[in-house]
Amino acid sequence: MQQGASAAPAFAKGADISWVPGMEAQGRTWKDKNGVQRDIIQILKNDYQINSVRIRVFVNPSNDYGNGYLNKERAAALAQRAKNAGMSVMLTLHYSDSWADPGKQTKPAAWRNYTFQQLMDAVWNYTRDVMNAMSSRGVTPDWVQIGNETNNGLLWEDGKASVNMRNYAWLINTGHNAVKSISSGTKTIVHLATSEDNALYVWNIGGLIANGANFDMIGMSLYPTASNWSTLVNQTISNANNMITRYGKEIIISEIGMDYNQPAAAKSFIADMKTKVRNLPNGKGKGVFYWEPQASPGYNGGYNKGAWQADGRPTVALEGFLN
């Protein structure tokens, strides 16, 4: 058993906190609902029962640290801080120098001219480097995402799923094997957006498995509105049930969010998602993560799906996590 091998919570109630170090570097602080300024991680843990954090890692981010562009060293420092607070850690490896999502999966500049074999070697070495950076600070992640929202694969064009599903599968396998080579107890995740889209998941996850990819869990993203969240949660749960039936994989909701101006709806949305994921068959529903709840309105170019107000106090949204 590796040092600190997985002791993940039975059910993760999580928050992506990747912007926290940058916000703090900009002098931002947070208050609790009583208006008392406290450490944001302590507020999340003690006031909202958040037991897990999600941290994204870029390869060579050129952007301003103040805007939260975490390389492996900054990510490891944040992970250590969360672990010291008694929380579990999910890493999201973007395999890019900036945001990877359904619309863009840009290779790191340093990898741009690699052959496919060199690309696989880079994924292997980089994944191990990040895991070792974590280990050097006493952190063994409970979960690692091999890519972020890889609806059409990753590391385009080589790993674009619609062009070469085999390459996509081999890249996922390489990342999975690299994680396991450092920590056999860490769970690997393939993460797709649009959690309600069953056809996408059957094509992508089914395509990976048909091409021999190994991974432990399926991650999902959902960003509904106050008017459609209930419908989309039910479609997400239907899709999750289908994934469990078809592939036997565990399900984790890697990202959810809703506009900070709709806090009551967001609270209901979180509570409903939490309950329904927890009740997935055979204990296969493993958790729900809110994306960057500590973001203030309009942060970093206009992000408005945080759970804090302009006055530094939280909305009621995260109360949806409370038992």
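Quick note: the coordinates plus some simple rules give every number you see, no bench work behind them. The structure presented is a predicted model; accordingly, all values stated were derived computationally and were not measured. Neighbour counts are summed over all protein chains in view; Cβ atoms, including those assigned to glycine, are modelled from backbone coordinates with ideal geometry.
Relative to the Cα centre, what is the charge dipole magnitude of the range 12-321, using +1 at the beta carbon of each Lys and Arg, -1 at the beta carbon of each Asp and Glu, and rounding to the nearest 20 debye?
The calculation lands at about 580 debye.
So what's the gap between the Cα centers of the range 21-40 and the range 213-284, to the nearest angstrom?
Taking the Cα centre of each part, the range 21-40 and the range 213-284 sit 29 Å apart.
Let me know the shape class of the range 85-221, please: from the alpha-carbon gyration tensor, a ≥ b ≥ c as square roots of the eigenvalues, rounded when a/c is under 1.5, otherwise prolate if a/b is greater than b/c, or oblate.
oblate
Given Cβ point charges of +1 (Lys, Arg) and -1 (Asp, Glu) and nothing else, what value in debye, to the nearest 20, does the dipole of the range 65-127 about its Cα centre take?
On the way: 7 positive and 4 negative charges, 26 e Å.
Result for the range 65-127 is approximately 120 debye, rounded to the nearest 20.
For a quick check: with amide H placed at 1.01 Å from N, whose amide H comes under 5 Å from D16's, ignoring anything fewer than 5 positions away on the same chain?
Correct list: R54, Y290, W291, E292.
Go through M258, I244, W19 and say which Cα lies farthest out towards the positive end of the charge dipole of the chain; charges sit on Cβ, +1 for Lys and Arg, -1 for Asp and Glu.
Of the candidates, I244 comes out farthest on the positive side.
For the range 12-321, rounded, prolate or oblate, judged on the Cα gyration tensor with a ≥ b ≥ c (square roots of eigenvalues), a/c < 1.5 rounded, else prolate if a/b > b/c?
Since a/c reaches 1.5 but b/c is at least a/b, the shape of the range 12-321 is classed as oblate.
Using only the Cα atoms of the range 176-302, what semi-axes does the equivalent ellipsoid have when each is the square root of 5 times a gyration tensor eigenvalue? Give whole Å, largest first.
The answer is 27, 18, 13 Å, longest axis first.
Please arrange M90, M23 by how many other C-beta atoms lie within 10 Å of their C-beta, fewest to most.
Working: M90 29, M23 22.
The order, fewest Cβ neighbours first, is M23, M90.
Once the piece of chain linking T231 and Q309 is laid out straight, how much longer is it, given 0.36 nm per residue of separation minus the C-alpha distance between them? Walk me through the numbers on the way to the answer.
Details: separation 78, 0.36 × 78 = 28.08 nm, distance 2.69 nm.
So the chain would gain 25.4 nm between T231 and Q309.
Could you work out how much longer the chain between Q80 and A7 gets when fully extended? Use 0.36 nm per residue separation minus the Cα distance between them, nm to one decimal. Mind showing how you got there, number by number?
On the way: separation 73, 0.36 × 73 = 26.28 nm, distance 1.55 nm.
24.7 nm is the gain from fully extending Q80 to A7.
Report the antiparallel proportion of the DSSP beta bridges in the range 12-321 as a percent, rounded to a multiple of 5.
15 percent
Among S18, S268, S238, which comes first, then next, by fewest other beta-carbon atoms within 10 Å?
Going from least to most buried by this count: S238, S268, S18.
Please find, in a Gaussian network model of the chain (springs between Cα atoms separated by less than 10 Å), the residue of L280, L171, L155 whose mean-square fluctuation is greatest.
Per the Cα network of the chain with a 10 Å cutoff, L280 tops the list.
According to a simple spin-label model (label point 7 Å from Cα along Cα-to-Cβ), what is the distance in nm between N71 and D272?
4.4 nm
In nm, to one decimal, how far is the Y114 label point from the N282 one, both placed 7 Å along Cα→Cβ?
3.4 nm
Tell me what the chain gives for mean residue ellipticity at 222 nm when only DSSP H runs of n ≥ 4 count, each as -39,500 (n - 2.57), the sum divided by the residue total, rounded to 500 deg cm²/dmol.
Taking each H run of at least 4 residues, the total per residue is -11500 deg cm²/dmol.
Expressed as cubic angstrom per residue, what is the convex hull volume of the alpha carbon set of the range 1-130?
Dividing the Cα hull volume of the range 1-130 by its residues yields 137 Å³.
Test of understanding: extend the Cα→C-beta vector of N132 to 7 Å, then name every residue of the range 158-194 with backbone N under 15 Å from that spot.
178-183
Give me I50, I209 sorted ascending by neighbouring Cβ count inside 10 Å, so fewest comes first.
I209, I50
Please list, by residue number, everything in the range 76-118 whose backbone N is under 14 Å from a paramagnetic label point 7 Å out along Cα→Cβ of A25.
Counting backbone N atoms under 14 Å from the label point, the list is 76-78.
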